[in-house]
Amino acid sequence: MTSKVILFSYTNYPSLISNLEREGVKMGQNGLLRHGSFTFDLQGVSRAASHQIVRHRIASFSQQSQRYVKITRSYGYLKPSGIPEDLKVPVEIQGQKLDLTFSDVMDLTRQAEEGLVAKGIKAEDGRYLRPNAATTNIVMSMSPRQLIHFFNLRCAPDAQWEIRDLAWSMYAAVSLVAPQVFGPLPAADESDYIKKRVLLVSDLVQKQTEMFEKTPPGELFHLELQPYLDFAHPVDGFVRKY
């Protein structure tokens with residue numbers, strides 16, 4: 001399943017700086033980090049990843065409800081690439097032995113949840129069957145300072161693969177719209193992996209800046225992330241032009 005990272009609201013720093021200067025206010029780099037907001041719509045992310053995302057408490061979150069959204073309209077799952085599609089594991093159900101793939105297990109949980117609801121069980125109770133691989137949508141707003149902290153942690157090579165892919169996609173998006181604020185990550189001073197990928201992001205942003213500037217206001221610009229960034233799973237990046 002392909003995840004989507006959409007940057008749909010962000011501070012227009014050239015306009016902010018210009019307006020402040022007209023009022024006689026000069027703002028340094030630290031000030032720019034404090035004053036600003038970036039809002040992402042993260043679609044098709046696993047519950048495992050969303051649990052990690054909401055640990056970043058100095059932020060605002062709105063997450064798709066599992067209580068009120070019907071499973072038949074919302075169910076999807078994200079399979080780790082490290083699990084082969086045809087790999088089967090033995091399970092035993094009431095004395096009957098079965099060999100199931102990851103997809104088989106996901107489909108069983110979906111059928112069981114739908115079956116409970118069909119028998120009159122409340123959806124809020126049926127959802128307890130839903131696995132961590134089940135996908136959700138979450139809206140996240142952060143200041144630049146908190147985003148940099150987020151990137152330093154989640155872009156690291158030892159970060160969990162899914163949230164790392166999302167973090168690099170988000171970093172590319174903010175680097176496109178606010179290069180004066182999001183330069184090389186501080187963590188690049190201690191990690192060759194991060195330093196190399198920061199350069200890759202800088203290159204891909206430079207190649208797409210002209211096309212982004214020509215995008216009509218209000219429209220979504222598709223930010224090409226691959227093959228520049230070698231992700232562990234498919235991620236599409238988008239930025240709404242202002």
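Values for this structure:
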quantity: Charged-residue dipole, Cβ positions (Lys, Arg, Asp, Glu), the chain about Cα centre, Debye nearest 20; calculated: 740 debye
quantity: Viscosity 0.692 mPa s, temperature 37 °C, Stokes-Einstein D of the chain from Kirkwood C-alpha radius, µm²/s; calculated: 165 µm²/s
quantity: Proximal lysines relative to Lys122, as straight alpha-carbon distance under 17 Å, when same-chain residues fewer than 8 apart are discounted; calculated: Lys70
quantity: Proximal lysines relative to Lys26, as straight alpha-carbon distance under 27 Å, when same-chain residues fewer than 8 apart are discounted; calculated: Lys241
quantity: Restricting the stretch 108-189 to trypsin sites (Lys or Arg not before Pro) in coil, as DSSP defines it, with at most 14 other Cβ within 10 Å; calculated: Lys119, Lys122
quantity: More than 15 Å apart - percent of Cα-Cα pairs taken over the stretch 196-242; calculated: 46 percent
quantity: For the chain: accessible area per residue (Å², 1.4 Å); calculated: 55 Å²
quantity: Debye-sum result for the stretch 129-242 in log10 I(q)/I(0), which assumes one identical scatterer on each alpha carbon, at q = 0.12, 0.18 Å⁻¹; calculated: -0.43, -0.96
quantity: Rough spin-label spacing in nm, given labels placed 7 Å along Cα→Cβ, for Asn132 and Phe61; calculated: 1.5 nm
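The values are calculated or read from the model by the stated rules, or taken from the named source; none is laboratory data. For clarity, every value in this text was computed on a predicted model and none was experimentally measured. Note that we place each Cβ from the backbone using ideal geometry, even for glycine, and neighbour counts take in every protein chain shown. Heads up: the accessible areas ignore ligands, DNA and RNA and are worked out on the full protein's heavy atoms, side chains in. Shrake-Rupley method; radii C 1.70, N 1.55, O 1.52, S 1.80 Å.
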